[in-house]
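The values are calculated or read from the model by the stated rules, or taken from the named source; none is laboratory data. Please read these numbers as outputs of a predicted model, since none were measured by experiment. So basically every Cβ, Gly included, is an ideal-geometry build from the backbone, and we count neighbours across all protein chains shown.
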Amino acid sequence: MNHGSASPSDSATESVGSSAARGHNAADAEFARMMIPHHAQAVQMSDVVLAKTGLPAQVTALAGRIKAAQGPEIEKMTGWLKDWNEPAGMSGDHSMNGMVGDEDLKKLEAAQGQEAARLFLTHMIAHHQGAVAMAQKEGTDGKNADALELGKDIVTAQEAEIKEMQELLGAL
């Protein structure tokens, strides 16, 4: 008989969910703070490629998949930082592996056809390698189950995409 109170399983789920939101450490917060702008740049590079014509269909499809995966992950990590009462911006001097410099971004924006595809793939391979390294660090140092799971998912997905990009680059 239910007297308007939550069932024991509902209470357990609520307490697990709220403890998961609180159960994070500095490595989890750093992972989210660093991965957000890292993912944002991948989305930016994908947008540049998606606006171009004359690129191999496989490269355009890959850019679309990267954007589709990383956009929602940015929102997820932004939500975690808010839930954890952690600042969203990075503090201090953090260099991130794989970030593409302004000059290289301008070259990608100016390039067309095969050259644009080659630049995108070359930069995105290095970019993904940087993300994999950050995600592996989260796997070693993190505490939050959701962040650990996302880190593992990033490693799996981006290692597969690196292999795909290397094959596409070799075929150009």
Regarding the stretch 84-101, can at least one residue be identified that is more than 30 Å from G23 (Cα to Cα) and surrounded by 14 or more Cβ atoms within 10 Å (Cβ to Cβ)?
yes
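Suppose we filter V48, V59 for residues that are modelled with pLDDT of 95 or more, surrounded by fewer than 21 Cβ atoms within 10 Å (Cβ to Cβ) and part of a helix (DSSP H, G or I); which single one remains? Lay out the reasoning, then the answer.
On the way: V59 fails: surrounded by fewer than 21 Cβ atoms within 10 Å (Cβ to Cβ).
It is V48.
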Taking interchain pairs and intrachain pairs at least six residues apart, which have beta carbon atoms under 7 angstrom, with the first residue in the stretch 44-63 and without any contact (Cβ under 8 Å) to a residue 12 or more places away in the chain and the second part of a helix (DSSP H, G or I) and not basic (K, R)?
T60/V49; T60/L50
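I need a count of the residues in the stretch 96-136 that are part of a helix (DSSP H, G or I) and over 14 Å from the mean Cα position of the chain (by Cα). Show your work before the answer.
Step one: filter the stretch 96-136 for residues part of a helix (DSSP H, G or I), giving 102-110, 113-136.
If we keep only those that are over 14 Å from the mean Cα position of the chain (by Cα) as well, we get 102-110, 113-123.
Total satisfying the criteria: 20.
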For the condition of a type in the set (G, A, S) and within 21 Å of E30 (Cβ to Cβ), what is the one hit in A131, A61?
A131
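Does G151 satisfy the condition of being within 19 Å of M34 (Cβ to Cβ) and outside any helix (DSSP H, G or I)?
Working: within 19 Å of M34 (Cβ to Cβ): yes; outside any helix (DSSP H, G or I): no.
Taking the combined requirement at face value, the residue does not satisfy it.
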Considering the stretch 128-158 alone, what residues qualify as being of a type in the set (D, E) and out of contact with any helix residue (DSSP H, G or I) (no Cβ under 6 Å at 6 or more places or on another chain)?
D146, E149, D153
